[in-house]
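Undergrad: The structure under discussion is supplied below as structure tokens; questions concerning it will follow.
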Amino acid sequence: MSMNNQNKQDTQKRILLATLISFVFFIAYDFLYLQPQQQAQIEYAKAHPKQEANKNVNTTNSVSVNNTTVNNTIPNIKEINKETIISTIVTTNSIYEIDSLGRIAQVTLREKKYVDEDGKPLKLFNATQLRPLEVRFADAALNKKAFDTAVSVSASKLNIQNNSQVLTITQNLGDTVLTKKIEFFADGHYKLNVSTSNNQNYFITPGYRPDIAADMYADHGALLTKSDGTLIIIEDEDMDKAVELVGIQAVSAFDRYYTTVLYNFKKNMQVSVMKNDTASPESFIHVSNSAELYGYAGPKEYNLLKSFDPELTKIIEYGWFTFLAKPMFVMLQYIHNIVGNWGWTIVITTILLKLALSPLSHKGMVSMNRLKELSPKIKQIQEKYKDDKQKASMHMMELYKKEGANPMGGCLPILLQIPIFFAIYRVLLNSIELKGAEWIWFVQDLTHKVSINNLWDPYIIIPILMGATMWLQQKITPNQMQDETQRKMFMMLPFIFTIFFIFFEAGLVIYWTVNNLFTIAQQYYINKMFERQKEERAKAHEAKKSHKGK
């Protein structure tokens, strides 16, 4: 027992140090590896647009209908251009373009906050990727004919600002006529009724995912929701073989912020998920003659998806910490509905979280201050029994017990808070609602990040403030590290974190800064409390000596 207790205090320090080193590694990995790799991919895509786009085309698929496997060989898909667009649908939030094969060729976002690096409206899809509403027939000959036959449309342009309007797309394939009736709504979602004239079996797809925010910070690929509420996530470049799924109610292809999705939460669907040339998922819904589906392509805004169908909010996910992150986002949304500003929402949420965790934090801070008070006595024991560690450990444990101190008390409360930090980190990282959301002064976009090419960006003030608060927090926090190397590492942390946080989203840095400020206030209060208690004990001791002298 004594041998187990011997290194408890050292263990506490090692765990704290390991936690901080892990966190630094996490940020360093992001800064030194992920960001440069992402930037390199963007530059390569700009230099080789056709090669990048062709990666997303699956030229051969093997899928099954009614237990029959059919190979659908798709001709090389030409780049979609203005000449292939035969109908344009303008809604309040987006512009849908339909091509000559009856697919959604492009979706352009109309809201001012959705712009690319050149300030132009965002377009969701690459030039030659798999398109939403593409149909592939089980009959190979019919399928080949379908890719060589242009469709006709009921209108070349629809302008939808209030009520819905229907676009009818017809493809005459001889004995078979494929009809798509798409009812577009002003908010950007649509209702699809698709059918054939002679009971054909075929597949329809939501398309390959949008290619705007497909970075390495968050998941991207395919997400399917089942009737029992479970989610199936298949990440890009992670498929080794095709999969067949049943009981599916929604099929989403997504990046960090955007999605293209087909769904019907009143029916169960069979879906084949194929891998393309990059081992990334492409989903196909099985249809026998006819189907009724709902669809959408655009940003994953929680309230917007909820207005389509509350179940559709399931396609917003936050990785491993979804079980914590989702209720946290609901809280953020609730607070935002009251204050109307996402910056102040982050501030208020951070304070509420710190208040909720304050009992844990208080316990840890008290324990660390208590250990600081005992450090002279501990040092005496270590010096006295420096040749007998077992006896030193025994006497230290007796001291802890007598003084009511817990050598692990400062560590565990910190460790318990780590999942909450990562949960809110994922919420702030994945929430499209923060895009273009202003706070105060120069902070006009909470997703803004300082570019390494523009360090004069005024947003750099926020991480500098964060670093200053971290330094102040470190200065007033009791530190019992005896090892000089560990001490120097801890002294460097505020500087290191400041460098890394320069390139993080503004909303996340604001969260961390407010978190530090609250911790500073709490630590200051604890320190003052211990000072008062120390003074009171000293006065009591003096009074006792004076009384004995009389």
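Undergrad: Would you check the accessible area of T84, probe 1.4 Å, heavy atoms only, in square angstrom rounded to 10?
TA: 40 Å²
Undergrad: Another question, if that's okay. So between M397 and T170, what do we pick up on full extension, going 0.36 nm a residue minus the alpha carbon distance?
TA: 73.5 nm
Undergrad: Cβ under 11 Å from I89's Cβ, I89 left aside: what net charge do those residues give with Lys, Arg +1 and Asp, Glu -1?
TA: It works out to a net charge of -1.
Undergrad: How fast does the stretch 95-142 diffuse by Stokes-Einstein, in µm²/s, taking the Kirkwood radius from C-alpha pairs at 37 °C and 0.692 mPa s?
TA: Estimated via Stokes-Einstein, D reaches 263 µm²/s.
Undergrad: Classify the stretch 358-401 as rounded, prolate or oblate from the Cα gyration tensor: take a ≥ b ≥ c as the square roots of its eigenvalues, call it rounded if a/c is under 1.5, otherwise prolate when a/b beats b/c and oblate if not.
TA: prolate
Undergrad: Could you state how much accessible area E535 has, in square angstrom rounded to the nearest 10, with a 1.4 Å probe and all protein chains kept in place?
TA: Answer for E535: close to 110 Å² accessible.
Undergrad: Taking 45 Å as R0, compute the FRET efficiency from the Cβ-Cβ separation of L465 and N198 and round it to 0.05.
TA: That pair, L465 with N198, gives E of 0.10.
Undergrad: Let me know the shape class of the stretch 124-184, please: from the alpha-carbon gyration tensor, a ≥ b ≥ c as square roots of the eigenvalues, rounded when a/c is under 1.5, otherwise prolate if a/b is greater than b/c, or oblate.
TA: oblate
Undergrad: Further question on the same structure: Among S252, S152, S195, what's the order by accessible area (1.4 angstrom probe), most exposed first?
TA: Sorted descending by solvent-accessible area, the residues read S152, S195, S252.
Undergrad: What's the FRET efficiency of I418 with N337 using the Cβ-Cβ distance as r and R₀ = 22 Å, to the nearest 0.05?
TA: After rounding to 0.05, the efficiency reads 0.15.
Undergrad: Sticking with this one: With all protein chains present, calculate the accessible area of I461 using a 1.4 Å probe and round the result to the nearest 10 Å².
TA: My reading of the accessible area for I461 is about 60 Å².
Undergrad: Quickly rank 245-251, 439-445 as a protection proxy: mean count of other C-beta atoms within 10 Å, highest first.
TA: Per-residue mean Cβ counts within 10 Å order the peptides as 245-251, 439-445.
Undergrad: Which trypsin sites (Lys or Arg not before Pro) from the stretch 315-392 combine a DSSP loop assignment with at most 14 other Cβ atoms within 10 Å?
TA: Here the trypsin sites (Lys or Arg not before Pro) that fit, given the DSSP loop and packing criteria, are K386.
Undergrad: Between A242 and K144, what is the FRET efficiency for a Förster distance of 25 Å, r being their Cβ-Cβ separation, to the nearest 0.05?
TA: That pair, A242 with K144, gives E of 0.75.
Undergrad: Name the trypsin sites (Lys or Arg not before Pro) in the stretch 257-311 that are in a loop by DSSP and that have at most 16 other C-beta atoms within 10 Å, would you?
TA: Hits after loop and neighbour filter: K266, K267.
Undergrad: Just add up the charged neighbours of L122: K/R +1, D/E -1, any other residue whose Cβ is under 12 Å from the Cβ of L122.
TA: Result for the local shell: 0.
Undergrad: State, to one decimal in nm, how far the label point of M491 lies from the label point of N527, with both points 7 Å from Cα in the Cβ direction.
TA: The answer from the label model is 1.7 nm.
Undergrad: Using 5 Å bins from zero, what percent of all Cα-Cα pairs in the stretch 251-316 falls into each bin?
TA: P(r) for the stretch 251-316, in whole percents per bin: 4, 15, 25, 24, 18, 11, 3, 0.
Undergrad: May I pose another question? Taking 0.36 nm per intervening residue step and subtracting the Cα-Cα distance, what contour gain separates A356 from K386 on full extension?
TA: 6.5 nm
Undergrad: What area, in nm² and to one decimal, does the C-alpha convex hull of the stretch 212-276 cast on average over all directions?
TA: 4.6 nm²
Undergrad: By the gyration tensor of its Cα atoms, with a ≥ b ≥ c the square roots of the eigenvalues, what is the shape of the stretch 160-309: rounded for a/c under 1.5, prolate for a/b over b/c, or oblate?
TA: oblate
Undergrad: Skip the ligands, DNA and RNA, and give the accessible area per residue of the stretch 286-405 with a 1.4 Å probe, whole Å².
TA: 52 Å²
The values are calculated or read from the model by the stated rules, or taken from the named source; none is laboratory data. Everything numeric in this text was worked out from a predicted model, so none of it was measured. When we count neighbours, we look across all protein chains shown, and the Cβ atoms used for this are built from the backbone with ideal geometry, even at glycine. Note: areas computed on protein heavy atoms with side chains; ligands, DNA, RNA excluded. Shrake-Rupley method; radii C 1.70, N 1.55, O 1.52, S 1.80 Å.
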